[in-house]
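Asker: Please see the structure below; I have some questions.
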There are 2 protein chains.
Amino acid sequence: MSELDAVRESVLDRVKPGPDERERLEATSGRLVDRVHEALSDLAMDPDIEDDVDIVRVGSTARGTWLAGDRDIDLFVRFPTDLPRSELERYGLAIGHAVLPDGHEEYAEHPYVKGTVDGFEVDLVPCYAVSDATEIRSAVDRTPFHDAYLSERLTPTLAEEVLLAKRFLKGIGAYGSDLKTRGFSGYLTELLVVEFGGFAPLLRAAADWSPPITIDPETHAATAFDDPLVVIDPTDPERNVAAVCSAENLARVQHHARDLLETPRTEVFFPPDREPLDSDGVRDHLRRRGTTPVAVVFEAPSLVDDQLWPQLRKSRSGIVRALEDHGFPVLRSTAMVEDGSETDPRRAVLFVELLVETLPSIARHLGPPVAVREHAEGFYAAYADEERPPYGPFLEGDRYVLERDREVTSAAEFLESDAIFDVGLGTHVADALSQRDVLVGAETATLADGFGPELRSYFDPRP
Amino acid sequence: MSELDAVRESVLDRVKPGPDERERLEATSGRLVDRVHEALSDLAMDPDIEDDVDIVRVGSTARGTWLAGDRDIDLFVRFPTDLPRSELERYGLAIGHAVLPDGHEEYAEHPYVKGTVDGFEVDLVPCYAVSDATEIRSAVDRTPFHDAYLSERLTPTLAEEVLLAKRFLKGIGAYGSDLKTRGFSGYLTELLVVEFGGFAPLLRAAADWSPPITIDPETHAATAFDDPLVVIDPTDPERNVAAVCSAENLARVQHHARDLLETPRTEVFFPPDREPLDSDGVRDHLRRRGTTPVAVVFEAPSLVDDQLWPQLRKSRSGIVRALEDHGFPVLRSTAMVEDGSETDPRRAVLFVELLVETLPSIARHLGPPVAVREHAEGFYAAYADEERPPYGPFLEGDRYVLERDREVTSAAEFLESDAIFDVGLGTHVADALSQRDVLVGAETATLADGFGPELRSYFDPRP
């Protein structure tokens with residue numbers, strides 16, 4: 001048995017659901033399906049419609065590709081396409097509340113009910129029974145097609161390989177297609193394992209990838225994508241299943257694939273928890289680094305993470321770009337959000353680590369070449385009299401040069417000023433920033449209270 | 001009379017030598033020529049050779065293009081080309097010392113005697129009477145051809161125009177083909193005035209130039225040049241008379257040509273002397289600017305200026321490049337040499353004004369894209385173990401990034417260390433730097449004692 005096979009067995013021991021878990025899952029799922037049928041009858045809808053409704057179990061627990069302990073049951077109730085959308089939503093919610101009396105409503109493209117039954121997280125989602133995945137009315141309509149495609153191809157062995165791949169991606173932090181992670185979705189992972197015929201072959205392929213990579217299981221691509229990883233949906237030739245996956249997570253997979261092939265070990269799948277960094281730790285790192293961080297702290301707008309994170313990312317890069325444009329060299333930056341529910345108040349931080357936080361009063365400004373007469377004369381005239389800057393215009397080589405007052409001499413002052421609202425923030429972040437604190441240098445150590453894990457990752461970064 | 005004509009008259013009044021000065025010059029020149037003839041006879045050389053020797057008055061005083069008060073008399077003694085070089089030098093020096101008993105020897109490509117007679121600076125230069133300027137044995141052989149070319153073409157009016165052009169170039173600081181100034185030589189100035197038919201036409205042409213500019217009075221260019229200004233020597237198709245002229249001085253001429261045409265005035269020709277900057281002035285400017293200068297002060301190597309200045313320029317740019325490579329943003333820099341004779345000890349300064357003088361302990365280092373497997377694996381392996389830098393390798397986007405210890409965290413310490421000798425200094429400057437002081441920030445104010453005029457130009461720069 002190769003080293004990698006030994007790791008494989010050891011990981012599977014921990015992630016493959018045991019017979020008990022499987023039985024309980026099957027029992028609960030069965031009961032739930034029965035209850036959905038009952039609820040359907042109770043609705044007393046048009047019998048023609050009721051005849052056309054079916055119930056599909058989807059997701060990893062339906063396909064036997066769930067990791068032990070993950071306890072999600074996804075039930076999709078498919079309605080005929082001639083049912084108006086408002087009816088579909090009404091029926092969907094009625095069934096949901098009947099089956100999951102303690103459940104609550106959530107919103108994807110339309111509302112559905114989520115609740116807990118026997119310790120399982122249950123999603124009860126209404127959708128349309130479209131005849132083909134390309135005809136979907138909303139994203140959820142696609143799920144049953146994904147499920148069918150994979151179920152047809154997943155042998156028991158491949159299902160085990162999926163477990164390894166998922167655990168690997170979780171271990172390295174690249175699992176999840178949410179917009180905070182921007183990694184690999186469950187569907188994408190399963191498709192890749194099916195496509196390459198297992199976890200190890202997927203690793204070996206990934207180790208050698210030279211992005212952009214296109215994988216098209218059904219060779220039916222109908223659109224070009226410029227994402228680093230393109231996996232054409234076998235059920236929809238115009239969709240990239242990996243559209244959300246960032247270049248960094250793709251690189252992460254490549255790095256760890258090589259690393260694991262070189263030195264097989266289980267730690268990659270189950271990395272030890274990292275100690276949150278405390279304020280002394282932050283101060284030590286800042287002393288060691290000699291840099292000056294500035295941090296904008298504010299209450300995160302109450303948005304779901306998938307709306308919040310793109311705005312935080314946009315805001316962070318807007319601030320970084322503005323600071324660099326003003327001459328402040330940025331070493332690194334990050335955005336952080338406090339743990340907690342998306343609906344509770346929680347703090348967010350835009351953290352920018354600078355090489356220098358203050359700059360001289362004057363800045364060099366390069367004018368036109370003297371030879372470009374019209375431009376040069378205009379430039380010189382503009383600065384020669386009233387608007388005369390502190391120094392210049394003078395000549396350097398064949399051009400005019402000015403040294404004029406720098407607009408911003410302190411990065412922290414810039415972030416405290418209204419100029420922060422001109423840097424291209426996310427809309428809701430801009431609103432939230434009307435109340436903000438700006439911390440500078442060692443003051444940022446106080447962030448350890450609330451952001452210890454994020455600061456650990458920031459100050460002890462790993463691939 | 002146009003405004004420019006009025007300025008012309010007013011300037012000519014001041015720069016055109018009066019009848020007295022002309023008479024005295026003629027009288028002295030005549031006496032000197034006679035004395036050269038006498039000295040030649042006294043040498044008792046082979047009569048065949050002596051018959052072939054002639055004496056030529058060259059330079060601006062010979063052509064009537066000297067500025068009032070400039071009192072250089074250049075006498076060239078031309079020997080036949082079959083005279084061995086050692087003989088030429090021996091005869092040349094003998095004549096020189098006979099005619100200028102108080103004179104001293106100087107060296108161009110070969111030695112000659114320089115002395116003072118009746119208040120005139122006299123150069124007595126031996127050269128070969130080659131038949132064509134393209135056949136010269138040393139640069140001085142060319143001078144009589146230049147003189148003949150110009151003398152043929154300079155009408156009395158054009159000679160006046162030359163005076164205006166020379167005074168203009170002196171006024172703006174662009175006159176002189178020495179390697180400190182890198183401006184316009186007298187010969188170049190006269191050629192340009194002849195070519196454009198006067199000072200005002202030259203100004204109008206220059207105002208519109210879009211370098212590189214090529215002017216070829218005899219349309220016989222035989223070589224391509226990549227200088228910003230190319231004026232093909234009418235006596236040598238392979239020579240650019242303006243080879244020394246810097247892009248900055250060309251731009252300077254363009255700037256002031258436009259300015260003078262727009263607002264004719266005599267101040268451009270006779271700019272008032274500028275007050276040297278004192279140490280309080282330096283400190284005021286530094287406070288106003290908020291920058292941190294570093295200055296390397298040392299004893300200038302005893303070289304003639306034409307050897308010293310290229311080395312200073314090379315040393316300055318080597319230091320600037322090294323500081324920028326180490327991450328220190330340079331606002332501006334200059335080299336300065338104390339007034340005084342080239343043979344006396346005098347101080348020199350390499351002055352670099354920085355936005356920041358100290359930088360954090362760590363520096364960001366961008367590694368290869370993870371996808372470039374061989375390179376990426378080598379990079380990661382190199383830093384993963386013993387050589388592990390303080391931070392990383394980690395991922396940013398599709399690449400590895402390190403944060404490692406910065407080699408240089410203080411610009412002044414860098415200049416004080418032996419690393420300064422690796423930046424590509426001029427040879428003699430490198431030797432001279434073995435004894436150096438490094439001044440930082442306000443300490444540089446002490447340089448006002450000795451470099452006041454240079455510091456005035458630096459801190460109050462003009463086009």
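Asker: Here's a check for you: in segment B:354-381, which residue that is away from every other protein chain (no Cβ under 11 Å) and surrounded by fewer than 14 Cβ atoms within 10 Å (Cβ to Cβ) is farthest from the chain's Cα centre (by Cα)?
Answerer: By that ranking, first place goes to B:378.
Asker: Please identify the pairs in which a residue from segment A:144-161 that is surrounded by fewer than 18 Cβ atoms within 10 Å (Cβ to Cβ) has its Cβ atom under 8 Å from the Cβ atom of a residue that is in a helix (DSSP H, G or I) and of a type outside the set (A, V, I, L, M), counting only partners at least 6 apart or on another chain.
Answerer: A:151/A:63
Asker: Among the acidic types (Asp, Glu), over 15 Å from residue B:336 (Cα atoms) and within 14 Å of another protein chain (Cβ to nearest Cβ), is that true of residue B:416?
Answerer: For residue B:416, the condition - among the acidic types (Asp, Glu), over 15 Å from residue B:336 (Cα atoms) and within 14 Å of another protein chain (Cβ to nearest Cβ) - is not met.
Asker: Of all residues in segment A:107-126, which are more than 25 Å from the chain's Cα centre (by Cα) and not polar (S, T, N, Q)?
Answerer: A:117, A:118, A:119, A:126
Asker: Here is a follow-up. Out of A:387, A:338, I need the residue that is more than 8 Å from chain B (Cβ to nearest Cβ), in contact with a Gly (Cβ under 7 Å, 6 or more places away or on another chain), at pLDDT below 95 and surrounded by fewer than 19 Cβ atoms within 10 Å (Cβ to Cβ). Which one?
Answerer: Step by step, each of A:387, A:338 is checked, and only A:338 is more than 8 Å from chain B (Cβ to nearest Cβ), in contact with a Gly (Cβ under 7 Å, 6 or more places away or on another chain), at pLDDT below 95 and surrounded by fewer than 19 Cβ atoms within 10 Å (Cβ to Cβ).
Asker: May I ask you to list the residues in segment B:227-242 that are in contact with a His (Cβ under 7 Å, 6 or more places away or on another chain) and assigned to a loop (DSSP other than H, G, I, E, B)?
Answerer: B:235
Here is a yes/no grid of residues against (1) assigned by TED's automatic domain parsing to the domain that holds residue A:193; (2) in contact with a Lys or Arg (Cβ under 8 Å, 6 or more places away or on another chain); (3) crowded, with 23+ Cβ neighbours inside 10 Å; (4) over 25 Å from residue B:373 (Cα atoms):
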position: A:234; (1), (2), (3), (4): yes, no, no, yes
position: A:246; (1), (2), (3), (4): yes, yes, no, no
position: A:251; (1), (2), (3), (4): yes, yes, yes, no
position: A:255; (1), (2), (3), (4): yes, no, yes, no
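Asker: Looking only at segment A:287-327, which residues are more than 17 Å from residue A:422 (Cβ to Cβ), out of contact with any Pro (no Cβ under 9 Å at 6 or more places or on another chain) and part of a loop (DSSP other than H, G, I, E, B)?
Answerer: Selection gives A:301, A:303, A:304.
Asker: Further, regarding this structure: Go through segment A:203-212 and count every residue that is without any contact (Cβ under 8 Å) to a residue 24 or more places away in the chain and within 19 Å of residue A:190 (Cα to Cα).
Answerer: Looking only at that region, the number is 1.
Asker: In segment B:200-232, what residues are among the small types (Gly, Ala, Ser) and either within 18 Å of residue B:161 (Cβ to Cβ) or surrounded by fewer than 17 Cβ atoms within 10 Å (Cβ to Cβ) (or both)?
Answerer: B:200, B:205, B:206, B:207, B:210, B:222, B:224
Asker: Whether any residue in segment B:290-309 is modelled with pLDDT of 95 or more and among the acidic types (Asp, Glu) is what I want to check.
Answerer: Yes, the conditions are met somewhere in segment B:290-309.
Asker: Going by the structure shown, is residue B:397 surrounded by fewer than 16 Cβ atoms within 10 Å (Cβ to Cβ), more than 14 Å from residue B:296 (Cα to Cα) and in contact with an Asp or Glu (Cβ under 6 Å, 6 or more places away or on another chain)?
Answerer: yes
Asker: Still on this model: Which of the residues belonging to segment B:260-276 are touching a residue at least 12 places away in the same chain (Cβ under 8 Å) and either within 11 Å of chain A (Cβ to nearest Cβ) or among the aliphatic types (A, V, I, L, M) (or both)?
Answerer: Of everything in segment B:260-276, those that are touching a residue at least 12 places away in the same chain (Cβ under 8 Å) and either within 11 Å of chain A (Cβ to nearest Cβ) or among the aliphatic types (A, V, I, L, M) (or both) turn out to be B:260, B:261, B:268.
Asker: Between residues in segment B:315-334 that are within 17 Å of residue B:289 (Cβ to Cβ) and residues that are buried (at least 21 other Cβ atoms within 10 Å of the Cβ) and charged (D, E, K, R), which pairs lie under 6 Å by C-beta distance while being six or more apart or on different chains?
Answerer: B:331/B:353; B:332/B:353; B:333/B:316
Asker: Among the residues of segment B:194-246, what is the count of those that are away from every other protein chain (no Cβ under 14 Å), small (Gly, Ala, Ser) and out of contact with any Pro (no Cβ under 9 Å at 6 or more places or on another chain)?
Answerer: 5
Asker: Report every pair of residues separated by at least 6 positions or lying on different chains whose Cβ atoms are under 7 Å apart, first residue within segment B:355-373 and within 21 Å of residue B:398 (Cβ to Cβ) and in contact (Cβ under 8 Å) with a residue 24 or more places away in the chain, second assigned to a loop (DSSP other than H, G, I, E, B) and among the hydroxyl-bearing types (Ser, Thr, Tyr).
Answerer: Pairs that qualify, where the first residue is within 21 Å of residue B:398 (Cβ to Cβ) and in contact (Cβ under 8 Å) with a residue 24 or more places away in the chain and the partner is assigned to a loop (DSSP other than H, G, I, E, B) and among the hydroxyl-bearing types (Ser, Thr, Tyr), are B:371/A:210.
Asker: Over 15 Å from residue B:368 (Cβ atoms) and at the interface with chain A (Cβ under 10 Å from one of its Cβ atoms): does that describe residue B:406?
Answerer: Yes; evaluated as a whole, the condition is true for this residue.
Asker: Hey, does segment A:163-183 have a residue that's more than 19 Å from the chain's Cα centre (by Cα) and either buried (at least 20 other Cβ atoms within 10 Å of the Cβ) or not assigned by TED's automatic domain parsing to the domain that holds residue A:74 (or both)?
Answerer: yes
Asker: Can you pull out every residue in segment A:341-361 that is modelled with pLDDT under 95 and more than 16 Å from residue A:432 (Cα to Cα)?
Answerer: Correct list: A:341 only.
Asker: Working carefully through the options A:426, A:441, find the one that is under 30 Å from residue B:402 (Cβ atoms) and either of a type in the set (D, E, K, R) or surrounded by 15 or more Cβ atoms within 10 Å (Cβ to Cβ) (or both).
Answerer: Every option except A:441 fails the conditions.
Asker: Looking at segment B:409-462, which of the residues that are at pLDDT 95 or above and hydroxyl-bearing (Ser, Thr, Tyr) is farthest from the chain's Cα centre (by Cα)?
Answerer: Of everything passing the filter in segment B:409-462, B:409 is farthest from the chain's Cα centre (by Cα).
Asker: If I filter segment A:274-286 down to residues being part of a helix (DSSP H, G or I) and among the acidic types (Asp, Glu), which single residue comes out as surrounded by the fewest Cβ atoms within 10 Å (Cβ to Cβ)?
Answerer: Only one residue tops the list, namely A:280.
Asker: Restricting attention to segment B:278-319, which residues are away from chain A (no Cβ under 14 Å) and of a type in the set (Lys, Arg)?
Answerer: Passing the criteria: B:283, B:314.
Asker: Restricting the search to segment B:79-101, which residues are hydroxyl-bearing (Ser, Thr, Tyr) and either more than 26 Å from residue B:118 (Cα to Cα) or not assigned by TED's automatic domain parsing to the domain that holds residue B:136 (or both)?
Answerer: Within segment B:79-101, B:81, B:86 qualify.
Asker: From A:416, A:407, grab the single residue that is buried (at least 16 other Cβ atoms within 10 Å of the Cβ) and either in contact with a Lys or Arg (Cβ under 9 Å, 6 or more places away or on another chain) or closer than 28 Å to residue B:287 by Cβ (or both).
Answerer: Exactly one of A:416, A:407 is buried (at least 16 other Cβ atoms within 10 Å of the Cβ) and either in contact with a Lys or Arg (Cβ under 9 Å, 6 or more places away or on another chain) or closer than 28 Å to residue B:287 by Cβ (or both), namely A:416.
Asker: Where in segment A:66-172 are there strands (runs of 3 or more DSSP E), lying fully within it, with 1 or more residues that are β-branched (Val, Ile, Thr) and either touching a Leu at 6+ places or on another chain (Cβ under 9 Å) or modelled with pLDDT under 95 (or both)?
Answerer: A:72-79, A:111-117, A:120-128
Asker: In segment A:11-65, which residues are among the small types (Gly, Ala, Ser) and either assigned to a helix (DSSP H, G or I) or more than 24 Å from residue A:94 (Cα to Cα) (or both)?
Answerer: A:18, A:27, A:29, A:30, A:39, A:41, A:60, A:62, A:64
The values are calculated or read from the model by the stated rules, or taken from the named source; none is laboratory data. From a predicted model like this one, the values you see are computed outputs, not experimental measurements. We place every Cβ from the backbone using ideal geometry, glycine too, and count neighbours over all the protein chains shown.
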